[in-house]
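Below you'll find the structure, written out as C-alpha cells, and then a few comments.
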Amino acid sequence: MYKIQWKKAICMMAAVFMLSSLLAGCAGNNATKPAEDAAKKEETAKTEFSADKKPEDYNCTLTTWGWDENYWNTVTSAFNKKYPNVKFEYTPMANGDSVQKYQTALAAGTELPDIAWAIIDSRAKLFELDMWEPLNKPPYNFDINQVFDYLKPVMVNSKGDVCGIEQSVSPAGLAYRRDLAKQYLGTDDPAELEKMLPTWDAFIEKGKEIKQKSGGEIFMWPGMGDAAQFIREQNPSPWVENGKIMATKSLKPTLDLLVKFRDAGIVDKLDAWSPAWYASYGQGKHMFAGCATWTSQFVIQPNDKDGKGKGHWGLMNAPGGNISWGGTTLGISKTCKNKDAAWEFIKFATLSKEGAEAIKQIGNFTSAKEPYKDPNFASFKDEWFGGQDTGKFFIEQVIPQIKLRPMTKDDNIIHDAMQLVTTALNSNPQMTSDEALKKLIEEIKNKLPDAQIE
C-alpha cells in the first residue's frame, strides 16, 4: 500500500517538474523574443535602404578622389537636377597613384572617399583591398547583366563580388588624318582604307611607301608607345596562367611587331603623353593614332584647335581587330557614411538614361545596355571627324570585336615593364625582340623577385 502511494507521489512530482520546466521554457522564449526581433530588425536595416525616400530627401555630402574632373562635373551637375540636396567634394588624384593612396588610407585607418574609382591598369590589385561594398549583394542587389557582356569579368574581384561599375565604355579603333590619307593612299573613306590595310604587315608595307613619297616627313604612328599600347591589347591571352607570368606567349608577339615597325622606319620617336606628343595632333605629320571614345575630348580637340568643323580626322577598324583602351569603375567604400545616397548616385551615373544622356554630351558612352535599345541613342557626330557618326562606329563596330584579357593583380607592374622595354626598343635600333624579351623579364623580376616567368 505504501509502495503504491509512494509510486504515485513520485509520478506526481515528476509531472509537476516537467510542467514547471515547460512553463519556464515558454516564459524564457517569450522573454528573449523581443531581443531577437530587435536584432533581426537591426540586421534588416543594415541590408535594406528606405523605399520611401524621395530624391529631395537625400541630404549629405559625398566625397571622391578622381582624375577626370570634366566627367565628374558633368555627371554630378545632372544628378543635382534630380537630387538637389546632395553635395560633392572632388579631390584630384593621378590614376597611377590610386593603389598607394588607398593602401595608405587603409593602413592608417583614415577615411576613404565615399565614391572610389578604379582604373583598369591596377584594378585587379585594387579590387582585392578590403575597402569595397559588394554591389551585387543586399542592399544594392546590382544585376551585372545590365552592362555589356565583355565588361563583366573586369568589374568583379576574385570572390566574384562586383566592386565597381564602369563609368563608361572605352572601345578604340584607329583615327587617321583624312588629308594625309587622301594625299598618300588615294582615299579617306574608312571602308576603303580597311581593305587596303587588312593586316599589320600590309600596314608596314604602306608605311614604307608613304615614307618614300614624303621624303621621310610623314609617319604612320607618333611613337612606339602608341603602337605598343594598341597591339598589346589586341591579344586576349592572359598575362598570368597558373601563377606564372606568360611573357613569351603573351607579350613576345607585341615585341616582334614593334621591332618590325621600328626597323621599317615608319614610326616617329615621340614619347606618349609628352608635350611634343600632344602637340603632334595638330601638326599633320602622323597618319594614324589609336582612338578610344575619350581620345577626341582629351587629346585631339585640345591640340588640333583648327580642326573643329573641318573634318581633319576619320575613324576606322584597325588591322588585327579593335580594342578596349582604358576604363574606370565607380564603387562605394566601406567607410562611406551615406551609402544609400552613394548608391543613388552610382545608379544614376552608370545605369540611368539621364546619366547616359549627360555623359554623352562630352563624348562618353554608358556601359549600361538599356539606353541602346533606342537605335538612335549611340549616334554622335564629332565636329573634329566631319560628318562621320563616331558614336555608332564605336558601339556597333568596335564593341562587338572586343576580347578583354583577364585581369591579374600584377597587371600594373607588367604594364610598366612593357613601357620601359618599348622605350628601350625605340632608343636602341640594334636591340632585337629576343633581347627586348630578356630585358622585360629582368624588369618584372626586379619588382616581383619571386615570380615565375616563362
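The values are calculated or read from the model by the stated rules, or taken from the named source; none is laboratory data. None of the values given here were measured: they were computed from a predicted structure. Cβ coordinates were reconstructed from backbone atoms using ideal geometry, including for glycine residues, and neighbour counts include every protein chain displayed. These area figures cover heavy atoms from the full protein model, side chains too; ligands, DNA and RNA do not enter into them. Shrake-Rupley method; radii C 1.70, N 1.55, O 1.52, S 1.80 Å.
Treating only the Cβ of Lys, Arg, Asp and Glu as charged (+1, +1, -1, -1), what charge dipole size does the chain show about its Cα centre? Round to the nearest 20 debye.
1200
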Whole-Hz ³J(HN,Hα) from phi, Karplus 6.51 cos²θ - 1.76 cosθ + 1.60, for the stretch 319-328, glycine and proline x
x, x, x, 8, 9, 9, 10, x, x, 9
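First compute the accessible area of the chain with a 1.4 Å probe, then give the percent of it belonging to carbon and sulfur atoms. Please list the in-between numbers first.
Values: 11440 of 21830 Å².
The computed percentage sits at 52.
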Signed unit charges on C-beta, dipole axis of the chain, positive-most listed residue Ile266, Ile346, Trp72:
Ile346
So what is the calculated 222 nm ellipticity per residue for the chain, using -39500 (n - 2.57) for each DSSP H run with n of 4 or more, over all residues, to the nearest 500 deg cm²/dmol?
-13000 deg cm²/dmol
Stretch Asp161-Glu192 to full length: gain in nm at 0.36 nm per residue minus the Cα-Cα span?
6.7 nm
Would you list, by chain and number, the lysines whose Cα falls below 26 Å from the Cα of Lys305, excluding same-chain residues fewer than 8 positions away?
Lys182, Lys269, Lys285, Lys360, Lys381, Lys392
Using Cα centres only, tell me the gap between the stretch 342-419 and the stretch 45-114 in whole Å.
21
If each part is reduced to its alpha-carbon centroid, the stretch 296-316 and the stretch 165-226 end up apart, in Å, by 15
As an exercise, identify the trypsin sites (Lys or Arg not before Pro) in the stretch 336-402 lying in DSSP coil whose Cβ has no more than 16 other Cβ atoms within 10 Å.
Lys337, Lys369
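Scan the stretch 87-150 for GluC sites (Glu not before Pro) in coil per DSSP, keeping those whose Cβ has at most 11 other Cβ atoms within 10 Å, and list them by number. Numbers along the way, then the final one.
Numbers: sites: Glu89, Glu111, Glu128; in loops: Glu111, Glu128.
Listed in order of number, the matching sites amount to none.
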Starting from the amide H of Tyr140, placed 1.01 Å from N in the peptide plane, find each other amide H under 5 Å away whose residue is 5 or more places distant or on another chain.
none
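Under a 1.4 Å probe, what is the accessible area of the chain per residue, stated in Å²? Could you put the intermediate results ahead of the total?
Details: 21830 Å² over 454 residues.
On a per-residue basis, the chain sits at 48 Å².
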Under the rule that an exposed site lies in a DSSP loop and has at most 16 other Cβ atoms within 10 Å, name the longest stretch of the chain with no chymotrypsin sites (Phe, Trp or Tyr not before Pro) of that kind, not counting the sites themselves.
68-272
Note the count of lysine pairs whose C-alpha atoms are less than 30 angstrom apart in the stretch 44-120, limited to pairs 8 or more residues apart or on different chains.
12
Relative contact order %, the chain, counting alpha carbon pairs below 8 Å whose residues are six or more apart:
23
